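The values are calculated or read from the model by the stated rules, or taken from the named source; none is laboratory data. As the structure is a prediction and not an experimental result, all values here were calculated from the model. Please note: Cβ atoms are built from the backbone with ideal geometry, for glycine as well, and neighbour counts cover all protein chains shown. Calculation scope for accessible area: heavy atoms of the full protein, side chains included, ligands and nucleic acids excluded. Shrake-Rupley method; radii C 1.70, N 1.55, O 1.52, S 1.80 Å.
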Amino acid sequence: MYSRIISVGSYQPDNIVTNEELERKVDTSDEWIRSRTGIESRAIAKPDQATSDLAILAADAAIKKSGITKDEIDLIIVGTCTPDVATPNVGVIIQESLGLNSCPAFSVEAACSGFIYALNIANKFILSGESKCALVVGAETLSRITDWNDRNTCVLFADGAGAVILKPSEDTGIIYSEISADGTYADLLYVPYGTSRKPIHEKENDYFLQMNGNEVFKVAVKKLESIAINTLKKNNLTVDDIDWLIPHQANIRIIQAVAKRLGMPMEKVIVTLAEHGNTSAASIPLALDKAITDGRISKGDRILLQGFGAGFTWGTTLLTL
Ligand code: UT7
């Protein structure tokens, strides 16, 4: 028995911000952003759109494509680090919107690895028999914790959501999944103020993401390489056995460096950075949906998903679609 992704949906806000628009706000250039990150534009949520609003639209799209009725959903897990409010969690807000009122619904805070963490947990629920139909979402409004005057970060981050429906299946689905973390890296990528230790109201404007980009870059490349190698080894596979690599979309140079170290041709790597930017937990399901929609990925393909984010947290999911 496997758990299998039976459908994927995503949502990107209509409000597209180009590199040229950012040139007018901070000391940057389209050339710098493209060459250093691979990003050309990004979607930013409208002021009245919260993370759950994006998540619900992605979930609706996944439900529509799945052929299930929404009442079949018996588990909702959301990866996000930009929840609507401290509580209730985004999962509950999605649940209420779907008109479901008795299934577990919760969010997982693992930054850019949030979707991989959520998928890993949902997989275990399905394999244990506790869930027969899970909705797994990665959704973010990173624009709300981005300092739009800081060129080191504002050119990178974006908003969006992606969702999958997971069901038990006798056909191969999720083959392997692992998640991990190392909190000693916490101060390389963090938000200083938030809820408990340093409540936001104590200090204005210090709830923006802070990042040591160079150091994050180096660790990201090493971790993404090592988790891919570990996943392949544990499953007696080589890169030739993988049809598609879908890494977290943070920086084209990170993705290229990892692909090169793995010996994976870039033709087999899904890159959606140009139009998505870094949407944290939403980046992998957004990329998966895009690659299915444009016909690159099809049923039966073997795919390796890779997440890496603040914490640091990281993880992989190896699956057959
Ligand atoms: O999603 C979670 C994980 N996050 C990541 O994986 C992000 C990892 N890090 C990165 O993607 C890259 O480190 C960045 C894109 C953030 C930065 O790229 P970089 O090639 O590491 O640039 P840098 O930080 O070494 O900066 C090079 C220069 C600096 O100027 P000086 O000191 O050489 O004069 C920066 O001040 O580029 C400058 N710079 C910019 N210039 C124009 C930094 N940001 C910008 C900008 N526009 N937006």
| Of Ser3, Ser10, which residue is surrounded by 19 or more Cβ atoms within 10 Å (Cβ to Cβ) and in contact with an Asp or Glu (Cβ under 9 Å, 6 or more places away or on another chain)? | Ser10
| Which members of the range 288-309 meet the condition of being out of contact with any Phe, Trp or Tyr (no Cβ under 6 Å at 6 or more places or on another chain) and of a type in the set (A, V, I, L, M, F, W, C)? | Leu288, Ala291, Ile292, Leu304, Leu305
| From the list Gly138, Gly160, which one is surrounded by 22 or more Cβ atoms within 10 Å (Cβ to Cβ) and in contact with an Asp or Glu (Cβ under 8 Å, 6 or more places away or on another chain)? | Gly160
| field | Residue identified as within 16 Å of the ligand (Cβ to nearest atom), closer than 22 Å to Gly160 by Cα and either loosely packed, with under 15 Cβ neighbours inside 10 Å or polar (S, T, N, Q) (or both) among Asn214, Asn251 | value | Asn251
| task | Consider Leu22 carefully, then state whether it is assigned to a helix (DSSP H, G or I), open to solvent by less than 10 Å² (accessible area, probe 1.4 Å), within 16 Å of the ligand (Cβ to nearest atom) and not acidic (Asp, Glu). | result | yes
| remark: Those residues of the range 109-131 that are over 22 Å from Ile6 (Cα atoms) and aliphatic (A, V, I, L, M) come to a total of 2
| Which is of a type in the set (A, V, I, L, M) and open to solvent by 20 Å² or more (accessible area, probe 1.4 Å), of Ala291, Ala257, Ala282, Ala287? | Ala257
| field | Search result, residues across the range 292-321 that are within 15 Å of the ligand (Cβ to nearest atom) and assigned to a loop (DSSP other than H, G, I, E, B) | value | Ala310, Gly311, Phe312
| remark: Filtering the range 219-256 down to residues that are under 24 Å from Val155 (Cα atoms) and either part of a helix (DSSP H, G or I) or of a type in the set (Phe, Trp, Tyr) (or both) yields Val219, Ala220, Val221, Lys222, Lys223, Leu224, Ile252, Arg253, Ile254, Ile255, Gln256
| task | Would you check if there is a residue in the range 267-281 being without any contact (Cβ under 8 Å) to a residue 12 or more places away in the chain and either within 21 Å of Asn230 (Cα to Cα) or within 16 Å of the ligand (Cβ to nearest atom) (or both)? | result | no
| query | Restricting attention to the range 295-321, which residues are more than 19 Å from Ala282 (Cβ to Cβ) and of a type in the set (S, T, N, Q)? | reply | Ser298, Thr320
